[in-house]
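The structure appears right after this line, and notes come after that.
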Amino acid sequence: MKAEKIIDIKINRIKTNEVLEEIKSFLLSENQHYIVTLNPEMIIEAQNNIKFKEVINKADLVIPDGIGILWALEFLKKKRSFSIKNKNIIINNFLTKSLLLILALCNFVYTFLKILLSPKYRKNILRFRTHGIDLVYKICESSSIKNKKIFFLGAGEGVAKKAAINLKKKYPNINIVGAEEGIKEKQESGNRNQDLIQRIDEANPDVLFVALGAPKQEIWIHENLKKLPSVKLAIGIGGSFDFISGKIKRAPIVFQKTGLEWLWRLFLEPKRIKRIYNATIKFTYLVLRYRINKF
Ligand code: UDP
């Protein structure tokens, strides 16, 4: 599978139907696989978390979950239009940073408006986006899941179970063999993880959806997949169970279609402001700095 890179992080720019084709072959194979649904916050986290970076880069598929990733791919693939290398410009650190920040903000506003105002650009860019939650729905309705067993792990108390009930109503043919809430920090090294592994193993699932938030879910998958030999495919799906269970309301379709679900989430959960700042401004700045450093 052909991969591109954003700041040394692997990414497969493929459409949802191609992701489903890959999943079909994963489920037919004898080997174990995991998929990462990548968002800008994860790229920021991976800059200081080497282990997380390795786990992402070792994944069988890393798919763009969000418009920020697709924007960065577009931005980084553009041809160099100017070079500042070898020029005798001495810019102090503060000035460079301020300049980059202004450029990042301008670029962010420009892209934001372009996405908002140009349906053609938006459609073109969003062809390759697959949200974790949409992937869960698509897998449940795909024929490759027929006769396969699914296990849900993650989210708060009762949330995975409620998500399982809702999905079963929507897709009566799916076979959900277990649903367990997420692991809290204190339990990670304790017995709960071992007990959990044992219970998942006994349920013998082919597919494991893991909703522990990034980077925890990806690292958990990487560390525990081998202990669960029946699992042919594990996917980190972030807050998907919260939405599927109805605990959190998903953004109206207009926000989804315009790639602005994060803005809706900010309305619902203002405390996410730091995360949104990271996913927008900080990420844009990081990508811009990376591109300028490459000149
Ligand atoms: N979560 C968990 N255990 C943890 C941390 C998070 O089960 O130690 C769950 C949390 O309840 C939520 C999901 O992981 O359901 C992550 O949600 P978040 O909003 O961070 O995901 P996003 O969709 O933004 O990636």
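Bear in mind these aren't lab numbers, they're just calculated from the coordinates by the rules spelled out. A quick note: this is a predicted structure, and the numbers were derived from the prediction, not measured. Please note: Cβ atoms are built from the backbone with ideal geometry, for glycine as well, and neighbour counts cover all protein chains shown.
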remark   = Those trypsin sites (Lys or Arg not before Pro) from segment 204-295 that are DSSP loop and have at most 11 other Cβ neighbours within 10 Å turn out to be LYS249
task = Would you kindly give the portion of the calculated P(r) for segment 87-237 that falls above 24 Å, as a percent of all Cα pairs?
result = 50
key: Footprinting exposure proxy for MET1, MET42 (fewest neighbouring C-beta atoms within 10 Å first)   = MET1, MET42
request  = Go through segment 108-165 and name the trypsin sites (Lys or Arg not before Pro) that are in a DSSP coil and have 14 or fewer other Cβ atoms within 10 Å of their Cβ.
outcome  = ARG127, LYS146
request  = Report the longest stretch of the chain that contains none of the GluC sites (Glu not before Pro) sitting in a DSSP loop with at most 15 other Cβ atoms within 10 Å.
outcome  = 31-156
remark   = Exposure-ranked with fewest Cβ neighbours within 10 Å first, PHE267, PHE243, PHE255 stand as PHE267, PHE255, PHE243
query = Under a 5 Å amide H to amide H cut-off, with H placed in plane at 1.01 Å, what residues pair with GLY154 once short-range neighbours are removed?
reply = GLU180, GLU181, GLY182, ALA211
ask   = Can you give the Rg to Rh ratio of segment 202-280, both from alpha-carbon atoms, with Rh computed by the Kirkwood formula?
value = 1.07
remark   = Filtered hits (lysines, Cα-Cα < 22 Å from LYS169, offset >= 8 within chain) -> LYS138, LYS146, LYS148, LYS149, LYS161, LYS247, LYS249
Dmax and Rg, reported as Rg then Dmax, of the chain (C-alpha, Å) = 20.1, 67
Inter-centroid distance (Cα atoms) of segment 225-248 relative to segment 27-65, Å = 14
Gyration tensor (Cα) of segment 223-263, equivalent ellipsoid semi-axes in angstrom = 31, 12, 8
